[in-house]
């Protein structure tokens, strides 16, 4: 039981760290405007609506890659039921993504791609963990 809890905690921590690192890289390459105030809803709505594709791609990549790697880590540590443990990490990432998209409106294509990408990354993470660890039970 402790091993399963450690698997989820470590997988979620890896996912959160990756989201932060990838999004920081995106901010470094595409710096936000001076004086950006995330609390100004109207400004944020206009800002996100007019962003080029690049900055949004970094956010999307952060969700998908953190789910893939964090989910794989959790599933590999757990040792069985890889889809369950990758899915638990994915739920954390999905909750963060949805809360961000609710607070700051994003384009429809982005929201769809984020959810689909997280789901697909979860399945790939579980599959990779299953192959590398010899897990025979998918769920």
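Could you tell me whether the chain comes out rounded, prolate or oblate from its Cα gyration tensor? Rule is a ≥ b ≥ c as square roots of the eigenvalues, rounded for a/c under 1.5, then prolate if a/b exceeds b/c, otherwise oblate. Here the chain falls in the prolate category.
Taking 120, 128, 36 as the candidate residues, the one with maximal mean-square fluctuation in a Gaussian network model of the chain, Cα springs under 10 Å, is 36. Model label points for residue 45 and residue 109, set 7 angstrom from Cα along the Cα-to-Cβ axis, are 2.2 nm apart. Helix-only arithmetic for the chain: the sum of -39500 (n - 2.57) across DSSP H runs with n ≥ 4, divided by the residue total, places the mean residue ellipticity at 222 nm at -28000 deg cm²/dmol. Could you state the angle between the C-alpha long axis of helix 82-103 and the longest principal axis of the C-alpha atoms of the chain, as a value from 0 to 90 degrees rounded to the nearest 10? Once rounded, the angle reads 10 degrees.
Protection proxy ranking, highest mean first, for peptides 97-106, 73-82: 73-82, 97-106, where packing is the per-residue count of other beta-carbon atoms within 10 Å, averaged. Ordering of 37-49, 15-27 by packing is 15-27, 37-49, highest average first (other Cβ atoms within 10 Å, averaged per residue).
Since every read-out is calculated from the coordinates, none of them should be taken as a lab result. For clarity, every value in this text was computed on a predicted model and none was experimentally measured. Neighbour counts are summed over all protein chains in view; Cβ atoms, including those assigned to glycine, are modelled from backbone coordinates with ideal geometry.
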